[in-house]
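Below you'll find the structure, written out as structure tokens, and then a few comments.
The values are calculated or read from the model by the stated rules, or taken from the named source; none is laboratory data. On a predicted model such as this, the values are computed, not experimentally measured, just so you know. With ideal geometry, Cβ positions are generated from the backbone for all residues, glycine too; neighbour counts draw on all protein chains shown. Each accessible area value is taken on the protein alone, full model and side chains, heavy atoms only, with ligands, DNA and RNA left out. Shrake-Rupley method; radii C 1.70, N 1.55, O 1.52, S 1.80 Å.
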Amino acid sequence: MIKSMTGFASLTRDEESVTLSVTIRAVNHRFLDVQIRTPSALATIESRLRAIVQQRVARGRVEVSISAQSRRPPAVDVEVNEGVIDALAAALERARERGIVTGVLTAGDVLRFPQAVTIRDRQESTDVDGAVLQAAETALTEAVEQLDTMRTSEGHHLRTELDARRAQLAELFERAAGAAASGAEALRARLTERVRELRADVSIEDATIAQEIVRFANRSDITEETVRFRAHVEHWRALSDAPEPCGRKLDFLLQEMNREVNTLGSKAEGPGVPELVVALKAELEKMREQVQNVE
């Protein structure tokens, strides 16, 4: 099955105690490389989160980011420094006795002195509710499904493009094979005519001459290359229809096809063969670039 390695997914889920946000980005890579960033509270289930991704993705670099924002108001501790307040009250009383100030010490007066009242965030337990952990796994599963849907959709477009190029490639190769066959026949005819011209001057047996003609002509025979190339084309079609990821296998097939085309170019003679070989190699390169995106 042809599926793209690139994709993106993002979702947000509001739970009773937290809001979970999941973002996934996938790009090309030779192997499967999963990078996960989570809050420390979810560190205990990182292996399970990684397994969720690995179940649906076979190849590519996948970056997963999960954030958890508490929906509960933060708890605080208020500490009153009674020693400071007593000292302030005593100092105020002395000032009042001397007639410097009037009035009494109020709560507003106390709050103006940071040493008198301290407000701190309460250090809560780092244990995470099991429901939150399960919600994180569920949210990631949904995001991975979205990612897979996008990669499958892009894979359909890749399949259409690659199928068209595969058909074009097969047609070009058949044209090259036909031109090579015509060239081989022309070569045999030229050799036969040349031997007839030389026969009057050279005392060589006819059987020996015929063997040399066949040996020389066989050097330009591309039957094996043609059979293998056609087999590669059929194998490509079978891999594309199979449910398993096939990116690496398609890349290998392109290398084998390129080898057959190179051999054809070095052995074959005929009208238009060099131009067809160049067109074949250009088409193979275009297909190779597309296959780099296939899982």
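Return a yes/no flag: does the stretch 146-161 have any residue that is charged (D, E, K, R), assigned to a strand (DSSP E or B), more than 24 Å from ILE24 (Cα to Cα) and in contact (Cβ under 8 Å) with a residue 40 or more places away in the chain. Looking through the stretch 146-161, none of the residues is charged (D, E, K, R), assigned to a strand (DSSP E or B), more than 24 Å from ILE24 (Cα to Cα) and in contact (Cβ under 8 Å) with a residue 40 or more places away in the chain. For the stretch 48-70, the condition holds for no residue, the condition being that it is of a type in the set (Gly, Ala, Ser), farther than 30 Å from ALA135 by Cα and modelled with pLDDT of 80 or more. For the residues VAL53, VAL27, VAL34, the requirement of being among the β-branched types (Val, Ile, Thr), open to solvent by 60 Å² or more (accessible area, probe 1.4 Å) and closer than 29 Å to PRO245 by Cβ singles out VAL27. Evaluate the following for ALA136: is it surrounded by 13 or more Cβ atoms within 10 Å (Cβ to Cβ) and touching a helix residue (DSSP H, G or I) at 6+ places or on another chain (Cβ under 7 Å)? Judged against the criteria, ALA136 is a match. What are the pairs with Cβ atoms under 7 angstrom where one residue, in the stretch 33-48, is in contact (Cβ under 8 Å) with a residue 12 or more places away in the chain and the other, located anywhere, is of a type in the set (D, E, K, R)? Sequence gap at least six, or different chains. Listed pairs, sorted by first residue: ASP33/ARG61; VAL34/ARG50; GLN35/GLU63; ILE36/GLU46; ILE36/ARG50; THR38/GLU46; ILE45/GLU137; ARG48/GLU137. Out of GLY265, GLY270, which single residue is open to solvent by 20 Å² or more (accessible area, probe 1.4 Å) and on the phi > 0 side of the Ramachandran plot? Selected residue: GLY270, the only one of GLY265, GLY270 that is open to solvent by 20 Å² or more (accessible area, probe 1.4 Å) and on the phi > 0 side of the Ramachandran plot. Cβ separations smaller than 7 Å between residues 6+ apart or across chains give no pair from the stretch 53-66 residues that are within 13 Å of GLU295 (Cβ to Cβ) to residues that are outside any loop (DSSP other than H, G, I, E, B) and hydroxyl-bearing (Ser, Thr, Tyr). Picking from residues in the stretch 94-122 that are acidic (Asp, Glu) and open to solvent by 70 Å² or more (accessible area, probe 1.4 Å), the one that is farthest from VAL84 (Cα to Cα) is ASP121.
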